[in-house]
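Peer 1: A single structure is presented below for examination.
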Amino acid sequence: MKTSLEVEYWVVDDDGDLVPPETLLDLSAQIDPEFVEPMLEIKTTPCTSMVELREEFVSRVGHVVDAAREQNKRLVPLATPLHASPAEIPYREKAGTNLQRRTVGRSFDDARVCAGTHIHFEQSNVVDQLNALTALDPAFSLVNSSSYYRGERILECARPFLYRRSCYEDCPEQGQLWPYVDSVAEWEDRLETAYDGFRERALERGVDPDAFDEEFDPYDAVWNPVRLREAMPTVEWRSPDTALPSQILQLAEEVRSIVTYADARGTAVGETGAAAGSADDGSVVLPAFETVEEITDAAIHNGLEDSSVRRYLRELGLVPSAYEPLADRLPDSRITKRRAKKLRLEAARQLEADLDRHRVRA
């Protein structure tokens, strides 16, 4: 099952201030601008093995980090910038972003403080892949890298709250987790319904229909934690925060193993309240969707401190004790702008040290 990564990083200068990546975007076709200025996205090609994925990802991130240091810039692996005003995170001028802002409303501003990781899996038995990744949603807590928004500690896992519950609160079909499906046709029907609703909302807010149709099609008008993509084509898992390269690769390997098994053996949904496990025929028994939602909520609020979250992840085959989320290294008190800049630089140093360890191994 070919697998690829897309990881978003904040860009800061040597003082810890957020800055545009500028010429860093010219280093490779695998580096993309994001919809806000002080962020970039590093992508890998589809890789057939974890060895290949690990080597390519570490090489690409390392190349950008080295080039950034030559420009007195650093990459920061935090899900939010900890403390930043809207003026410090300007939108990149893009027609699609402007239309989305008009359609979603003021809450869309919360999306611009979110940096995440997207893992793409080559489509195979798509329903089993979609459903397995849906059940794995609370695994974002394993690589949680920020609990802060505008200097305040809001919840243990800040990014999934800000992105899903705040930004897309009034457009849940666009940004929140969808239930399991029984067929690809069911997913596509849901996609069409979500698209039609989003288009209707846009037109109600004065968006020109031709302008909307030029920027969006059904596949490009949802930003859910799990979605299908036409490119390659893939099943995309968007649940995790950005984090250290080793943490991302560790999670990608574990999740890939679970999805590969589910793809080969099939999945079934268990009864409400039942734990995940295996059926007599070897298929993967997933927890009821109501349980997924309950544990996701517990993960957002409490992270790995919640015993129900740890138990749930273990039942799915993950090892919570093997992870040390970056958010656990942050202070518990309110963060000033000056402290946020220092913490960004500390996170950048941790990323560079993490890369150095991988390079030595290679």
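Peer 1: Of all the stretches in the chain, which is the longest one without any exposed loop site, taking trypsin sites (Lys or Arg not before Pro) in a DSSP loop (any state but H, G, I, E, B) with at most 15 other Cβ atoms within 10 Å?
Peer 2: 206-333
Peer 1: Do any of 2/73; 2/341; 43/94 go past 28 Å between their Cα atoms, and which?
Peer 2: From 2/73; 2/341; 43/94, over 28 Å: 2/73; 2/341.
Peer 1: Taking the stretch 1-78 on its own, what percent of its Cα-Cα pair distances exceed 20 Å?
Peer 2: 29 percent
Peer 1: Ignoring ligands, DNA and RNA, what accessible area per residue does the stretch 56-203 give at 1.4 Å, in Å²?
Peer 2: Heavy-atom accessible area per residue stands at 35 Å².
Peer 1: Can you tell me the dipole magnitude for the chain around its Cα centre, using point charges on the Cβ only (Lys, Arg +1; Asp, Glu -1), in Debye to the nearest 20?
Peer 2: 1580 debye
Peer 1: So, one more: Please compute the net charge surrounding residue 153, taking Lys and Arg as +1 and Asp and Glu as -1 over other residues with Cβ under 12 Å from its Cβ.
Peer 2: -1
Peer 1: Quick query: amide H of residue 268 versus all other amide H atoms, modeled in the peptide plane; which residues come in under 5 Å with a sequence gap of 5 or more or a different chain?
Peer 2: It is 284, 285, 286, by chain and number.
Peer 1: For the stretch 218-280, just the Cα set please: Rg and Dmax, both in angstrom.
Peer 2: 14.6, 40
Peer 1: What number in nm² do you get for the chain if you take the convex hull of its Cα atoms and divide its surface by four?
Peer 2: Averaging across all directions leaves 17.1 nm² for the Cα convex hull.
Peer 1: Using the Karplus curve 6.51 cos²θ - 1.76 cosθ + 1.60 with θ = phi - 60°, work out ³J(HN,Hα) for each residue of the stretch 9-16 in order, rounded to whole Hz, and write x for Gly and Pro.
Peer 2: Using θ = phi - 60°, the values come out as 10, 6, 10, 10, 8, 6, 9, x Hz.
Peer 1: Scale the Cα Rg of the stretch 167-269 by the rule-of-thumb value 2.2 N^0.38 Å and send over the ratio, two decimals.
Peer 2: 1.27
Peer 1: Taking the Cα centre of the stretch 272-349 as the origin, how large is its charge dipole in debye, to the nearest 20, when only Lys and Arg (+1) and Asp and Glu (-1) carry charge on their Cβ atoms?
Peer 2: 1160 debye
Peer 1: Another question, then. If I compute solvent accessible area with a 1.4 Å probe over the protein chains, what percent of it on the stretch 100-164 is carbon and sulfur?
Peer 2: Result for the stretch 100-164: 39 percent of the exposed heavy-atom area is carbon or sulfur.
Peer 1: Go through 264, 313, 16 and say which Cα lies farthest out towards the positive end of the charge dipole of the chain; charges sit on Cβ, +1 for Lys and Arg, -1 for Asp and Glu.
Peer 2: Of the candidates, 16 comes out farthest on the positive side.
Peer 1: Something else now. Name the residue farthest towards the positive end of the dipole of the stretch 97-229 from the options 129, 175, 146, assuming +1 on Cβ of Lys and Arg, -1 on Cβ of Asp and Glu, about the Cα centre.
Peer 2: Highest projection toward the positive end goes to 146.
Peer 1: If the stretch 153-192 were replaced by its equivalent ellipsoid, with semi-axes equal to the square roots of 5 times the Cα gyration tensor eigenvalues, what would those be, largest first, whole Å?
Peer 2: Sorted largest first and rounded, they come to 26, 11, 5 Å.
Peer 1: Using only the C-alpha atoms of the stretch 260-355, find the volume of their convex hull and express it per residue in Å³.
Peer 2: About 134 Å³ per residue, rounded to a whole number.
Peer 1: Can you pull the one-decimal nm distance between simple spin-label points at residue 230 and residue 305, each 7 Å off the Cα toward Cβ?
Peer 2: The answer from the label model is 4.5 nm.
The values are calculated or read from the model by the stated rules, or taken from the named source; none is laboratory data. None of the values given here were measured: they were computed from a predicted structure. Note that each Cβ is placed from the backbone with ideal geometry, even for glycine, and that neighbours are counted across all protein chains shown. Ligands, DNA and RNA are stripped out before the accessible areas are found, and what is left, the full protein with its side chains, is counted by its heavy atoms. Shrake-Rupley method; radii C 1.70, N 1.55, O 1.52, S 1.80 Å.
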